[in-house]
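The values are calculated or read from the model by the stated rules, or taken from the named source; none is laboratory data. These numbers were taken from a predicted model, which means no experiment stands behind them. Please note: Cβ atoms are built from the backbone with ideal geometry, for glycine as well, and neighbour counts cover all protein chains shown. Surface accessibility is based on the protein's heavy atoms, side chains included, excluding ligands, DNA and RNA. Shrake-Rupley method; radii C 1.70, N 1.55, O 1.52, S 1.80 Å.
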Amino acid sequence: NSEGLKDAIYKKIGDITQVLYMKVSERDGNVMSTKILKSIVRKWQANSDLLSEDYIFEEALKNTERMYPPRIYRWDQMLFNPKYEGEEFMSPGTEEAISQDLIGNCLTTAKKTNGAVAIFYPGVVERFADVLDSDLYLVFTSVHEVMVHKADAVDAVDLSIILQDTLEEATPKEDFLTRKIYKYEKDTHRFLCAI
């Protein structure tokens, strides 16, 4: 994808690249979007000193969160309830939606499309770390979701083995994001590659 990123606005975290897109239209569940190019941002910046790439990126994440709010999905509910819309967990009083068990939390968006980005929404990873009172392991099973685990409750090597099996058996090639296990450090607020 390096060729397509030459004039794009993006951020990298390990081997994950977040690319800035703008939604052009949405009809019947199909979204048309376009990549925001640096050349366009330079034109915007000519009219405002406030429009740094970082500022635009952060505002885009906030806007994406408003359009496609983060949700935790329970596997049993997804399998047996076609109308299940996931669990809201960001508001006060919704802490019980965040599971502390070994299975972890399946985080995506209300649309369940390109939902791995939800972990990077403002405040989301911090909410998990605060409620779980732990560092986190993040397992990106596809571009559509990320499994969030309490780091002191699971082993990163075991998660890596499960991820490799999931990628081979269940993740379509076009939905692949990474083979790495990431760690979020609660105290330093950093994302690191664990394995």
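The set of residues from segment 89-114 being at pLDDT 95 or above, touching an Asp or Glu at 6+ places or on another chain (Cβ under 9 Å) and of a type in the set (Gly, Ala, Ser) comprises just one member, 97.
Filter segment 122-146 down to the residues that are more than 19 Å from residue 178 (Cα to Cα) and part of a loop (DSSP other than H, G, I, E, B), then identify the one that is most open to solvent (accessible area, probe 1.4 Å).
Within segment 122-146, the subset more than 19 Å from residue 178 (Cα to Cα) is 122-124, 126-135.
Now drop any that are not part of a loop (DSSP other than H, G, I, E, B), which leaves 122-123, 133-135.
On the way: 122: 51, 123: 31, 133: 108, 134: 9, 135: 48 Å².
For segment 122-146, the residue satisfying everything is 133.
In the set 152, 101, 165, only one residue is open to solvent by 10 Å² or more (accessible area, probe 1.4 Å), acidic (Asp, Glu) and either touching a Leu at 6+ places or on another chain (Cβ under 7 Å) or part of a loop (DSSP other than H, G, I, E, B) (or both); that residue is 101.
Please specify each residue of segment 87-98 satisfying the condition of being assigned to a loop (DSSP other than H, G, I, E, B) and under 28 Å from residue 190 (Cβ atoms). First the steps, then the outcome.
Going through segment 87-98, the residues assigned to a loop (DSSP other than H, G, I, E, B) turn out to be 88-94, 98.
Of everything in segment 87-98, those that are assigned to a loop (DSSP other than H, G, I, E, B) and under 28 Å from residue 190 (Cβ atoms) turn out to be 88, 89, 90, 91, 92, 94, 98.
Yes or no: residue 171 within 23 Å of residue 68 (Cβ to Cβ) and buried (at least 22 other Cβ atoms within 10 Å of the Cβ)?
Working: within 23 Å of residue 68 (Cβ to Cβ): yes; buried (at least 22 other Cβ atoms within 10 Å of the Cβ): no.
In short, no.
Cβ-Cβ distances below 6 Å connect the following pairs, each with a first residue in segment 139-159 that is hydrophobic (A, V, I, L, M, F, W, C), a second residue that is assigned to a helix (DSSP H, G or I) and surrounded by fewer than 20 Cβ atoms within 10 Å (Cβ to Cβ), and a separation of six or more residues or different chains: 143/175. For segment 175-182, the criterion of being farther than 15 Å from residue 103 by Cβ, touching a residue at least 12 places away in the same chain (Cβ under 8 Å) and exposed (fewer than 13 other Cβ atoms within 10 Å of the Cβ) is satisfied by at least one residue.
Filtering segment 104-119 to residues that are farther than 14 Å from residue 185 by Cα and either among the hydrophobic types (A, V, I, L, M, F, W, C) or assigned to a loop (DSSP other than H, G, I, E, B) (or both) leaves 104, 106, 107, 110, 111, 112, 113, 114, 116, 117, 118.
Within segment 62-78, identify whether any single residue is touching a Phe, Trp or Tyr at 6+ places or on another chain (Cβ under 8 Å), in contact (Cβ under 8 Å) with a residue 40 or more places away in the chain and either among the β-branched types (Val, Ile, Thr) or under 21 Å from residue 162 (Cβ atoms) (or both), and answer yes or no. Yes, because at least one residue in segment 62-78 is touching a Phe, Trp or Tyr at 6+ places or on another chain (Cβ under 8 Å), in contact (Cβ under 8 Å) with a residue 40 or more places away in the chain and either among the β-branched types (Val, Ile, Thr) or under 21 Å from residue 162 (Cβ atoms) (or both). Residues that are surrounded by 16 or more Cβ atoms within 10 Å (Cβ to Cβ) number at least 1 in the following helices (runs of 4 or more DSSP H) confined to segment 1-86: 38-45, 53-67. Scanning segment 104-119 for residues that are buried (at least 19 other Cβ atoms within 10 Å of the Cβ) and of a type outside the set (Val, Ile, Thr) yields 104, 105, 106, 107, 114, 115, 116, 118. Does residue 171 satisfy the condition of being in a loop (DSSP other than H, G, I, E, B) and over 18 Å from the mean Cα position of the chain (by Cα)? In short, no.
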